[in-house]
1. Out of all the residues in segment 363-376, which are open to solvent by less than 50 Å² (accessible area, probe 1.4 Å) and not acidic (Asp, Glu)?
2. Give the residues of segment 10-40 that are within 13 Å of the ligand (Cβ to nearest atom), in contact with a strand residue (DSSP E or B) (Cβ under 9 Å, 6 or more places away or on another chain) and either among the small types (Gly, Ala, Ser) or over 18 Å from residue 106 (Cβ atoms) (or both), sorted by residue number.
3. Filter segment 208-231 down to the residues that are more than 13 Å from residue 181 (Cβ to Cβ), over 24 Å from the mean Cα position of the chain (by Cα) and modelled with pLDDT of 95 or more and list them by number.
4. Scan segment 241-290 for residues that are among the hydroxyl-bearing types (Ser, Thr, Tyr) and touching a His at 6+ places or on another chain (Cβ under 7 Å) and report the count.
5. Kindly provide the set of residues from segment 242-276 that are touching a Phe, Trp or Tyr at 6+ places or on another chain (Cβ under 7 Å), within 10 Å of the ligand (Cβ to nearest atom) and among the hydroxyl-bearing types (Ser, Thr, Tyr), ordered by number.
6. Among the residues of segment 18-46, write down those that are surrounded by 23 or more Cβ atoms within 10 Å (Cβ to Cβ) and not in a helix (DSSP H, G or I).
7. Restricting segment 47-75 to residues that are open to solvent by less than 50 Å² (accessible area, probe 1.4 Å) and part of a helix (DSSP H, G or I), which is farthest from residue 373 (Cα to Cα)?
8. Limited to segment 340-362, what total is found for residues that are among the polar types (S, T, N, Q) and either open to solvent by 80 Å² or more (accessible area, probe 1.4 Å) or part of a helix (DSSP H, G or I) (or both)?
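The values are calculated or read from the model by the stated rules, or taken from the named source; none is laboratory data. The structure presented is a predicted model; accordingly, all values stated were derived computationally and were not measured. Note that we place each Cβ from the backbone using ideal geometry, even for glycine, and neighbour counts take in every protein chain shown. Side chains included, ligands, DNA and RNA excluded: accessible areas come from the protein's heavy atoms. Shrake-Rupley method; radii C 1.70, N 1.55, O 1.52, S 1.80 Å.
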Amino acid sequence: MRATWDIFCSVVDNYGDIGVTWRLARQLVAEHGLAVRLWVDDPAAFVHLCPQADSRLLRQQQGVEVCAWAADWHAVEPADVVIEAFACELPAVYIAAMAGREQKVLWLNLEYLSAEDWVEGCHGLPSMQSNGLSKFFFFPGFTSGSGGLLRERGLLTQRRAFQADEGAREDFLRRLGVEPVAGALLISLFAYENAALGRWLQVLAAGPQRVQLLVPEGRILSSLQDWLGGPALQVGDTRQRGQLHIQVLPFIPQDQYDRLLWSCDFNAVRGEDSFIRAQWAGRPLLWHIYEQADHAHLEKLDAFLAFYKEGLSADAQVALVALWHAWNSNGPIGECWTQLLKSWPEQTTHAEDWCLERASQADLAEALVQFYLNWL
Ligand code: TRH
(Lines give C-alpha, C1' and ligand atoms only; values in the text may rest on other atoms or scores of the structure.)
Protein backbone atom coordinates (compact mmCIF):
# COMPACT_ATOMS: atom_id res chain seq x y z
CA MET A 1 0.00 0.00 0.00
CA ARG A 2 1.31 3.45 -0.82
CA ALA A 3 2.35 5.63 2.09
CA THR A 4 0.10 8.49 3.11
CA TRP A 5 1.47 11.96 3.87
CA ASP A 6 -0.20 14.92 5.56
CA ILE A 7 1.32 18.37 5.07
CA PHE A 8 0.08 21.20 7.29
CA CYS A 9 0.44 24.76 6.11
CA SER A 10 -0.46 27.83 8.10
CA VAL A 11 -0.26 30.92 5.91
CA VAL A 12 1.56 33.59 7.93
CA ASP A 13 1.54 36.25 5.25
CA ASN A 14 2.54 36.40 1.59
CA TYR A 15 2.70 33.26 -0.55
CA GLY A 16 5.88 31.47 0.53
CA ASP A 17 4.31 29.05 3.01
CA ILE A 18 1.64 27.86 0.63
CA GLY A 19 3.97 28.22 -2.38
CA VAL A 20 6.48 25.78 -0.91
CA THR A 21 4.01 23.26 0.52
CA TRP A 22 1.86 23.17 -2.63
CA ARG A 23 4.94 22.59 -4.78
CA LEU A 24 6.20 19.87 -2.43
CA ALA A 25 2.81 18.14 -2.25
CA ARG A 26 2.50 17.98 -6.04
CA GLN A 27 6.01 16.61 -6.39
CA LEU A 28 5.47 13.88 -3.78
CA VAL A 29 2.40 12.74 -5.73
CA ALA A 30 3.82 13.11 -9.24
CA GLU A 31 7.30 11.71 -8.69
CA HIS A 32 6.95 9.40 -5.71
CA GLY A 33 3.40 8.10 -6.17
CA LEU A 34 2.38 9.05 -2.60
CA ALA A 35 -1.09 9.88 -1.33
CA VAL A 36 -0.83 13.45 -0.06
CA ARG A 37 -3.24 15.68 1.80
CA LEU A 38 -2.35 19.36 2.03
CA TRP A 39 -4.09 21.11 4.94
CA VAL A 40 -4.20 24.86 4.51
CA ASP A 41 -5.70 27.36 6.93
CA ASP A 42 -6.10 30.14 4.36
CA PRO A 43 -7.91 28.79 1.29
CA ALA A 44 -7.90 32.24 -0.34
CA ALA A 45 -4.07 32.26 -0.41
CA PHE A 46 -4.15 28.81 -2.01
CA VAL A 47 -6.66 29.88 -4.66
CA HIS A 48 -4.45 32.87 -5.47
CA LEU A 49 -1.63 30.43 -6.34
CA CYS A 50 -3.91 27.87 -7.95
CA PRO A 51 -6.76 29.85 -9.57
CA GLN A 52 -8.50 26.75 -10.98
CA ALA A 53 -9.07 25.48 -7.41
CA ASP A 54 -12.39 25.63 -5.66
CA SER A 55 -12.09 27.91 -2.65
CA ARG A 56 -14.16 25.43 -0.65
CA LEU A 57 -11.30 22.98 -1.33
CA LEU A 58 -11.56 19.39 -0.14
CA ARG A 59 -10.92 18.55 -3.73
CA GLN A 60 -8.19 16.82 -5.68
CA GLN A 61 -5.90 19.29 -7.40
CA GLN A 62 -3.24 17.71 -9.58
CA GLY A 63 -3.50 14.53 -7.51
CA VAL A 64 -3.15 16.28 -4.15
CA GLU A 65 -6.10 16.31 -1.77
CA VAL A 66 -6.21 19.94 -0.70
CA CYS A 67 -8.17 20.35 2.53
CA ALA A 68 -9.33 23.36 4.50
CA TRP A 69 -7.67 23.36 7.92
CA ALA A 70 -10.58 24.81 9.85
CA ALA A 71 -10.41 26.15 13.40
CA ASP A 72 -12.98 23.54 14.48
CA TRP A 73 -10.95 20.48 13.60
CA HIS A 74 -12.80 17.27 12.71
CA ALA A 75 -10.95 14.14 13.74
CA VAL A 76 -9.19 12.33 10.90
CA GLU A 77 -6.89 9.34 10.82
CA PRO A 78 -3.29 10.66 10.78
CA ALA A 79 -1.07 9.80 7.85
CA ASP A 80 2.13 7.70 7.89
CA VAL A 81 4.21 10.86 7.55
CA VAL A 82 3.15 14.20 8.98
CA ILE A 83 4.88 17.42 7.96
CA GLU A 84 4.23 20.59 9.87
CA ALA A 85 5.57 23.31 7.64
CA PHE A 86 7.56 26.15 9.18
CA ALA A 87 6.76 25.23 12.78
CA CYS A 88 3.00 25.62 12.42
CA GLU A 89 1.06 24.14 15.34
CA LEU A 90 -0.85 20.94 14.59
CA PRO A 91 -4.35 20.51 16.06
CA ALA A 92 -4.05 18.96 19.55
CA VAL A 93 -6.60 16.27 18.65
CA TYR A 94 -4.57 15.31 15.62
CA ILE A 95 -1.37 15.05 17.71
CA ALA A 96 -3.18 12.83 20.19
CA ALA A 97 -4.34 10.63 17.31
CA MET A 98 -0.74 10.41 16.05
CA ALA A 99 0.40 9.21 19.46
CA GLY A 100 -2.43 6.68 19.61
CA ARG A 101 -2.00 5.29 16.11
CA GLU A 102 -1.16 1.61 15.94
CA GLN A 103 1.30 2.05 13.10
CA LYS A 104 3.97 4.58 14.05
CA VAL A 105 3.97 8.04 12.47
CA LEU A 106 6.98 10.00 11.23
CA TRP A 107 6.57 13.60 12.42
CA LEU A 108 8.66 16.21 10.65
CA ASN A 109 8.97 19.94 11.02
CA LEU A 110 9.97 21.41 7.66
CA GLU A 111 12.05 24.50 8.46
CA TYR A 112 12.67 27.74 6.58
CA LEU A 113 15.55 27.84 4.14
CA SER A 114 18.90 29.14 5.29
CA ALA A 115 22.51 28.88 4.06
CA GLU A 116 23.87 29.38 7.58
CA ASP A 117 26.56 26.96 8.83
CA TRP A 118 24.53 25.55 11.72
CA VAL A 119 21.89 24.12 9.35
CA GLU A 120 23.86 20.94 8.61
CA GLY A 121 24.35 20.27 12.34
CA CYS A 122 20.63 20.57 13.08
CA HIS A 123 19.21 18.88 10.00
CA GLY A 124 17.47 15.61 10.84
CA LEU A 125 17.73 15.97 14.63
CA PRO A 126 14.87 14.54 16.70
CA SER A 127 13.17 16.30 19.57
CA MET A 128 11.30 14.18 22.11
CA GLN A 129 7.75 15.46 22.75
CA SER A 130 5.82 15.14 26.01
CA ASN A 131 3.50 12.50 24.50
CA GLY A 132 6.43 10.21 23.72
CA LEU A 133 6.56 10.99 20.00
CA SER A 134 9.74 12.30 18.37
CA LYS A 135 9.60 15.26 16.06
CA PHE A 136 12.41 15.58 13.51
CA PHE A 137 13.71 18.89 12.18
CA PHE A 138 14.14 18.88 8.45
CA PHE A 139 16.18 21.74 7.01
CA PRO A 140 16.22 22.58 3.33
CA GLY A 141 19.60 23.88 2.23
CA PHE A 142 22.33 24.31 -0.30
CA THR A 143 24.74 21.57 0.80
CA SER A 144 24.66 17.78 0.72
CA GLY A 145 24.42 17.69 4.54
CA SER A 146 21.07 19.52 4.42
CA GLY A 147 17.64 18.50 3.13
CA GLY A 148 18.26 20.04 -0.32
CA LEU A 149 16.07 22.33 -2.41
CA LEU A 150 12.73 21.77 -4.11
CA ARG A 151 13.44 20.86 -7.73
CA GLU A 152 11.11 18.85 -9.92
CA ARG A 153 12.51 16.07 -12.07
CA GLY A 154 13.30 17.32 -15.56
CA LEU A 155 13.01 20.98 -14.53
CA LEU A 156 16.42 22.00 -15.85
CA THR A 157 15.96 20.09 -19.10
CA GLN A 158 12.66 21.92 -19.66
CA ARG A 159 14.22 25.22 -18.73
CA ARG A 160 17.15 24.78 -21.10
CA ALA A 161 14.90 23.74 -24.01
CA PHE A 162 12.75 26.81 -23.39
CA GLN A 163 15.74 29.14 -23.22
CA ALA A 164 17.19 27.69 -26.42
CA ASP A 165 13.96 28.38 -28.30
CA GLU A 166 13.56 32.09 -28.96
CA GLY A 167 10.10 31.47 -30.50
CA ALA A 168 8.83 29.75 -27.35
CA ARG A 169 9.98 32.71 -25.26
CA GLU A 170 8.31 35.26 -27.52
CA ASP A 171 5.08 33.23 -27.66
CA PHE A 172 5.05 32.95 -23.90
CA LEU A 173 5.59 36.67 -23.41
CA ARG A 174 2.95 37.57 -26.01
CA ARG A 175 0.43 35.31 -24.30
CA LEU A 176 1.12 37.34 -21.16
CA GLY A 177 0.39 40.47 -23.17
CA VAL A 178 4.07 41.49 -23.29
CA GLU A 179 5.41 42.85 -26.57
CA PRO A 180 9.20 42.37 -26.39
CA VAL A 181 11.11 45.68 -26.75
CA ALA A 182 13.86 45.14 -29.35
CA GLY A 183 17.36 44.96 -27.89
CA ALA A 184 16.19 45.44 -24.32
CA LEU A 185 17.56 43.74 -21.25
CA LEU A 186 14.56 41.91 -19.79
CA ILE A 187 14.13 42.12 -16.01
CA SER A 188 11.41 40.69 -13.76
CA LEU A 189 10.68 42.35 -10.44
CA PHE A 190 9.03 40.57 -7.50
CA ALA A 191 9.80 42.18 -4.14
CA TYR A 192 8.35 43.66 -0.98
CA GLU A 193 7.95 47.44 -0.73
CA ASN A 194 11.45 48.83 -1.22
CA ALA A 195 12.53 52.46 -0.82
CA ALA A 196 15.66 51.78 -2.90
CA LEU A 197 13.59 51.01 -6.01
CA GLY A 198 13.41 54.59 -7.29
CA ARG A 199 17.20 54.95 -7.25
CA TRP A 200 17.60 51.78 -9.28
CA LEU A 201 14.93 52.77 -11.81
CA GLN A 202 16.50 56.21 -12.18
CA VAL A 203 19.75 54.62 -13.33
CA LEU A 204 17.94 52.17 -15.60
CA ALA A 205 16.00 55.04 -17.22
CA ALA A 206 19.17 57.05 -17.84
CA GLY A 207 21.34 54.05 -18.75
CA PRO A 208 23.05 53.23 -22.02
CA GLN A 209 20.81 50.23 -22.76
CA ARG A 210 17.08 49.76 -23.16
CA VAL A 211 15.52 47.85 -20.28
CA GLN A 212 12.12 46.16 -20.19
CA LEU A 213 10.90 45.68 -16.64
CA LEU A 214 8.06 43.23 -15.96
CA VAL A 215 6.38 43.57 -12.60
CA PRO A 216 3.87 40.94 -11.46
CA GLU A 217 1.17 42.49 -9.30
CA GLY A 218 2.20 42.59 -5.63
CA ARG A 219 3.67 44.62 -2.81
CA ILE A 220 6.42 46.31 -4.84
CA LEU A 221 3.79 48.13 -6.91
CA SER A 222 3.42 50.81 -4.22
CA SER A 223 7.15 51.65 -4.47
CA LEU A 224 6.88 51.67 -8.25
CA GLN A 225 3.86 53.94 -8.01
CA ASP A 226 5.79 56.33 -5.73
CA TRP A 227 8.54 56.67 -8.31
CA LEU A 228 6.27 56.95 -11.34
CA GLY A 229 3.62 59.20 -9.83
CA GLY A 230 0.42 59.63 -11.87
CA PRO A 231 -2.70 57.44 -11.84
CA ALA A 232 -2.78 54.23 -9.81
CA LEU A 233 -1.10 51.34 -11.60
CA GLN A 234 -3.27 48.50 -12.87
CA VAL A 235 -2.44 45.12 -14.35
CA GLY A 236 -1.55 45.58 -18.02
CA ASP A 237 -0.37 49.19 -17.61
CA THR A 238 2.80 50.20 -19.38
CA ARG A 239 4.99 53.24 -18.69
CA GLN A 240 8.18 54.53 -20.25
CA ARG A 241 10.85 56.68 -18.64
CA GLY A 242 13.89 57.22 -20.86
CA GLN A 243 15.41 53.83 -21.68
CA LEU A 244 13.13 52.06 -19.22
CA HIS A 245 9.92 50.33 -20.37
CA ILE A 246 7.75 49.12 -17.51
CA GLN A 247 4.78 46.76 -17.61
CA VAL A 248 2.58 45.52 -14.78
CA LEU A 249 1.67 41.84 -15.14
CA PRO A 250 -0.99 39.82 -13.38
CA PHE A 251 0.06 37.38 -10.66
CA ILE A 252 0.46 34.22 -12.76
CA PRO A 253 0.36 30.47 -11.92
CA GLN A 254 3.62 29.01 -10.57
CA ASP A 255 4.61 27.16 -13.75
CA GLN A 256 4.10 30.33 -15.79
CA TYR A 257 6.11 32.30 -13.26
CA ASP A 258 8.96 29.83 -13.87
CA ARG A 259 8.74 30.63 -17.57
CA LEU A 260 8.84 34.33 -16.82
CA LEU A 261 12.05 33.81 -14.82
CA TRP A 262 13.51 31.68 -17.63
CA SER A 263 12.62 34.40 -20.14
CA CYS A 264 14.37 37.24 -18.31
CA ASP A 265 18.03 38.22 -18.31
CA PHE A 266 17.85 39.25 -14.67
CA ASN A 267 15.34 38.41 -11.94
CA ALA A 268 14.60 40.27 -8.75
CA VAL A 269 12.89 37.82 -6.40
CA ARG A 270 11.95 37.58 -2.73
CA GLY A 271 11.14 35.26 0.18
CA GLU A 272 12.01 31.63 -0.32
CA ASP A 273 10.29 29.90 -3.21
CA SER A 274 10.75 32.55 -5.93
CA PHE A 275 14.35 32.88 -4.73
CA ILE A 276 14.98 29.19 -5.45
CA ARG A 277 13.10 29.27 -8.75
CA ALA A 278 15.29 32.16 -9.93
CA GLN A 279 18.35 30.03 -9.16
CA TRP A 280 16.96 27.21 -11.30
CA ALA A 281 16.49 29.77 -14.10
CA GLY A 282 20.29 29.98 -14.36
CA ARG A 283 20.26 33.76 -14.71
CA PRO A 284 21.72 36.47 -12.45
CA LEU A 285 19.36 37.41 -9.64
CA LEU A 286 18.73 39.86 -6.85
CA TRP A 287 17.16 38.67 -3.61
CA HIS A 288 14.84 40.73 -1.43
CA ILE A 289 14.99 38.65 1.73
CA TYR A 290 12.00 38.44 4.10
CA GLU A 291 12.67 40.87 6.93
CA GLN A 292 13.04 39.47 10.45
CA ALA A 293 13.33 41.03 13.89
CA ASP A 294 16.80 42.21 15.00
CA HIS A 295 18.08 42.11 11.42
CA ALA A 296 18.44 38.33 11.63
CA HIS A 297 17.65 38.25 7.92
CA LEU A 298 20.86 40.15 7.09
CA GLU A 299 22.94 37.32 8.56
CA LYS A 300 20.98 34.90 6.42
CA LEU A 301 21.58 37.08 3.39
CA ASP A 302 25.33 37.17 4.04
CA ALA A 303 25.48 33.44 4.65
CA PHE A 304 23.98 32.86 1.22
CA LEU A 305 26.21 35.46 -0.44
CA ALA A 306 29.36 33.95 1.09
CA PHE A 307 28.46 30.68 -0.52
CA TYR A 308 27.07 32.00 -3.81
CA LYS A 309 29.92 34.37 -4.63
CA GLU A 310 32.57 31.61 -4.53
CA GLY A 311 34.08 31.24 -7.98
CA LEU A 312 33.48 34.84 -9.06
CA SER A 313 36.47 37.16 -9.54
CA ALA A 314 37.18 39.57 -6.66
CA ASP A 315 35.62 42.56 -8.48
CA ALA A 316 32.52 40.62 -9.46
CA GLN A 317 32.10 39.44 -5.87
CA VAL A 318 32.32 42.98 -4.53
CA ALA A 319 29.79 44.23 -7.09
CA LEU A 320 27.34 41.42 -6.34
CA VAL A 321 27.51 41.80 -2.56
CA ALA A 322 27.19 45.60 -2.78
CA LEU A 323 24.09 45.33 -4.99
CA TRP A 324 22.34 42.82 -2.70
CA HIS A 325 23.19 44.88 0.39
CA ALA A 326 21.94 48.08 -1.24
CA TRP A 327 18.64 46.41 -2.18
CA ASN A 328 18.09 45.01 1.31
CA SER A 329 19.32 48.01 3.31
CA ASN A 330 18.12 50.96 1.26
CA GLY A 331 21.61 51.68 -0.06
CA PRO A 332 23.00 53.28 -3.25
CA ILE A 333 21.61 50.67 -5.61
CA GLY A 334 21.98 52.83 -8.73
CA GLU A 335 25.78 52.99 -8.44
CA CYS A 336 25.90 49.32 -7.47
CA TRP A 337 23.93 48.35 -10.58
CA THR A 338 26.36 50.27 -12.80
CA GLN A 339 29.23 48.43 -11.12
CA LEU A 340 27.54 45.06 -11.54
CA LEU A 341 27.09 45.60 -15.27
CA LYS A 342 30.91 45.67 -15.62
CA SER A 343 31.05 41.98 -14.71
CA TRP A 344 27.82 41.04 -16.53
CA PRO A 345 29.16 38.12 -18.67
CA GLU A 346 30.84 36.65 -15.61
CA GLN A 347 27.70 37.03 -13.49
CA THR A 348 25.70 35.28 -16.21
CA THR A 349 28.05 32.30 -16.54
CA HIS A 350 28.26 32.04 -12.77
CA ALA A 351 24.47 31.86 -12.36
CA GLU A 352 24.31 28.83 -14.66
CA ASP A 353 27.30 27.15 -12.96
CA TRP A 354 25.73 27.70 -9.55
CA CYS A 355 22.46 26.20 -10.76
CA LEU A 356 24.18 23.08 -12.12
CA GLU A 357 26.16 22.55 -8.93
CA ARG A 358 23.06 22.81 -6.76
CA ALA A 359 21.21 20.44 -9.08
CA SER A 360 23.80 17.73 -8.43
CA GLN A 361 22.36 17.45 -4.88
CA ALA A 362 19.30 15.35 -4.06
CA ASP A 363 16.17 17.51 -4.18
CA LEU A 364 14.05 18.18 -1.10
CA ALA A 365 11.18 15.80 -1.98
CA GLU A 366 13.61 12.98 -2.70
CA ALA A 367 15.48 13.71 0.55
CA LEU A 368 12.22 13.59 2.53
CA VAL A 369 11.22 10.27 1.01
CA GLN A 370 14.68 8.85 1.70
CA PHE A 371 14.53 10.11 5.30
CA TYR A 372 11.23 8.27 5.76
CA LEU A 373 12.60 5.04 4.25
CA ASN A 374 15.66 5.18 6.52
CA TRP A 375 13.46 5.84 9.54
CA LEU A 376 11.12 2.88 8.86
O1 TRH B 1 5.45 35.43 -0.81
P2 TRH B 1 6.81 35.42 -0.24
O3 TRH B 1 7.33 36.67 0.22
O4 TRH B 1 6.85 34.36 0.93
C5 TRH B 1 7.50 34.59 2.15
C6 TRH B 1 8.73 33.73 2.29
O7 TRH B 1 8.49 32.37 2.03
C8 TRH B 1 9.30 33.88 3.66
O9 TRH B 1 10.41 33.04 3.84
C10 TRH B 1 8.22 33.55 4.66
O11 TRH B 1 8.71 33.70 5.93
C12 TRH B 1 7.05 34.46 4.43
O13 TRH B 1 6.55 34.30 3.13
C14 TRH B 1 5.92 34.18 5.38
O15 TRH B 1 7.84 34.88 -1.35
P16 TRH B 1 8.07 33.44 -1.99
O17 TRH B 1 8.59 32.49 -0.98
O18 TRH B 1 8.91 33.67 -3.17
O19 TRH B 1 6.64 32.95 -2.43
C20 TRH B 1 5.97 33.49 -3.51
C21 TRH B 1 5.25 32.41 -4.28
O22 TRH B 1 4.44 33.00 -5.28
C23 TRH B 1 6.20 31.47 -5.01
O24 TRH B 1 5.70 30.15 -4.92
C25 TRH B 1 6.16 31.94 -6.45
C26 TRH B 1 4.73 32.40 -6.54
N27 TRH B 1 4.41 33.34 -7.61
C28 TRH B 1 3.50 32.94 -8.55
O29 TRH B 1 3.02 31.79 -8.53
N30 TRH B 1 3.12 33.82 -9.53
C31 TRH B 1 3.63 35.08 -9.61
O32 TRH B 1 3.25 35.85 -10.52
C33 TRH B 1 4.60 35.46 -8.64
C34 TRH B 1 5.21 36.83 -8.71
C35 TRH B 1 4.95 34.58 -7.64
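1. Here is the first cut: in segment 363-376, the ones open to solvent by less than 50 Å² (accessible area, probe 1.4 Å) are 363-365, 367-369, 371-372.
Answer for segment 363-376, where residues must be open to solvent by less than 50 Å² (accessible area, probe 1.4 Å) and not acidic (Asp, Glu): 364, 365, 367, 368, 369, 371, 372.
2. 10, 11, 14, 16, 17, 18, 20, 22, 25, 26
3. 225, 226, 227, 228, 229
4. Just the residues of segment 241-290 that are among the hydroxyl-bearing types (Ser, Thr, Tyr), to begin with: 257, 263, 274, 290.
Keeping just the survivors that are touching a His at 6+ places or on another chain (Cβ under 7 Å) gives 290.
Looking only at that region, the number is 1.
5. Matches in segment 242-276: 274 only.
6. 34, 36, 38, 39, 40
7. The residue in question is 47.
8. The first filter runs over segment 340-362 and keeps only residues among the polar types (S, T, N, Q), leaving 343, 347-349, 360-361.
Subset that is either open to solvent by 80 Å² or more (accessible area, probe 1.4 Å) or part of a helix (DSSP H, G or I) (or both): 347-349, 360.
Matching residues across segment 340-362 total 4.
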